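The values are calculated or read from the model by the stated rules, or taken from the named source; none is laboratory data. Source: prediction; values computed, not measured. Reconstructed Cβ throughout: ideal geometry from the backbone, glycine too, with neighbour counts over all protein chains shown.
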Amino acid sequence: MAVVTALWYFARGTGVVSLLLLTGTMLLGLLGPLRVSSDGWPRFVLGGLHRNLSLLVVAFLGIHVASSVVDTYAGIGWLDAVVPFGSVYRPVWLGLGAVAFDLLLALVVTSLLRRRIGHRPWRVLHWLAYACWPVAVVHAWGTGTDAGHGWVFLLTLVCVAAVAVAVAVRAVLGPRRRARAERPDPVGTTANRPVAYPRGVAGRRGAAS
Amino acid sequence: MAVTAPHLAVDPIACQAHGLCAELLPGVVTLDEWGYPILPAGPVPPALRAAARRAVNACPVLALRLATD
């Protein structure tokens, strides 16, 4: 009995953490193209954090799914984690979780293979993030044991508000930032100007790979 | 048959002046007044290969590459 209860708590806890991490990933992704940076917060930190947080989400979702399935009380099967709307237990709410999980896996895999896929197709595919995150939130809100009340409910509201603000800022400032980066003649001369490698410089350590 | 050592190259059309390459390769990649990279010519020194690869992978628009041609 104690083990079963622990599994259920585990599923709930990792679910909440996953939602927070996914929201963090979403926020970092939204801010990326806005070119925010400072001396202590260079651009590659944002990109690296976005990437690493997303991988952390996958890890936490792995535990979230595993603990939900291993806990036999609700009767959730392994297939229900990836095949939506087939479960006996709350098919719609759980199905939305499966949809979000599938979308996230697609986002992660295509990003890891970005170089093979090419920038433009990858970018188009990455718009799926705008579907993944809301579906995950609805799943959490709909079936989360803790979602309807207390601090988890507040936390969900904060997540939704934060992403809404970030989307608005991105929508307003994003195109403007891009326009400013454009220079009159993109086929530059400076980009091809030969300069020599300076002696004794090493790249930054611990940078995003 | 000699294998050509890779050198840094940028696709000037794809580049959007995000500037991550200059952050990751300070003192190697400098930016022009619009924020576009100025790359050193010639093969990347062995000590800088790993950093160069990181910069290539970090480019948000995949404009930077290590070319062997």
So how many residues does the range A:122-140 have that are over 18 Å from A:Gly32 (Cα atoms) and surrounded by fewer than 18 Cβ atoms within 10 Å (Cβ to Cβ)? 3
Which residue pairs have Cβ atoms closer than 6 Å, lie 6 or more positions apart in sequence or on different chains, and pair a first residue in the range A:165-177 that is among the small types (Gly, Ala, Ser) with a second residue that is assigned to a helix (DSSP H, G or I)? A:Ala166/A:Leu27; A:Ala166/A:Leu30; A:Gly174/A:Pro33
Within the range B:4-22, identify whether any single residue is hydroxyl-bearing (Ser, Thr, Tyr) and either within 7 Å of chain A (Cβ to nearest Cβ) or buried (at least 18 other Cβ atoms within 10 Å of the Cβ) (or both), and answer yes or no. no
Which one of A:Ser87, A:Ser54, A:Ser38, A:Ser18 is surrounded by fewer than 17 Cβ atoms within 10 Å (Cβ to Cβ) and either among the polar types (S, T, N, Q) or touching a helix residue (DSSP H, G or I) at 6+ places or on another chain (Cβ under 7 Å) (or both)? A:Ser38
Count of residues meeting criterion [under 11 Å from the mean Cα position of the chain (by Cα), among the small types (Gly, Ala, Ser) and assigned to a loop (DSSP other than H, G, I, E, B)] in the range B:1-22: 1
Of residues in the range A:15-72 being closer than 15 Å to A:Ala166 by Cβ and among the small types (Gly, Ala, Ser), the one farthest from the chain's Cα centre (by Cα): A:Gly32
Test A:Leu46 against the stated conditions and say whether it is of a type in the set (A, V, I, L, M, F, W, C), without any contact (Cβ under 8 Å) to a residue 40 or more places away in the chain, within 11 Å of chain B (Cβ to nearest Cβ) and surrounded by 17 or more Cβ atoms within 10 Å (Cβ to Cβ). yes
Would it be correct to say that A:Ile63 is assigned to a helix (DSSP H, G or I), over 22 Å from A:Leu157 (Cβ atoms) and without any contact (Cβ under 8 Å) to a residue 60 or more places away in the chain? yes
Counting only residues in the range B:23-53 that are facing chain A (nearest Cβ under 7 Å), touching a helix residue (DSSP H, G or I) at 6+ places or on another chain (Cβ under 9 Å) and assigned to a strand (DSSP E or B), the one farthest from B:Leu64 (Cα to Cα) is identified as B:Ile38
Pairs please, first residue from the range B:58-69 and part of a strand (DSSP E or B), second anywhere and modelled with pLDDT of 90 or more and small (Gly, Ala, Ser), Cβ atoms under 7 Å, 6+ apart in sequence or on different chains. B:Leu64/B:Ala55; B:Arg65/B:Ala9; B:Leu66/B:Ala52; B:Ala67/B:Ala9
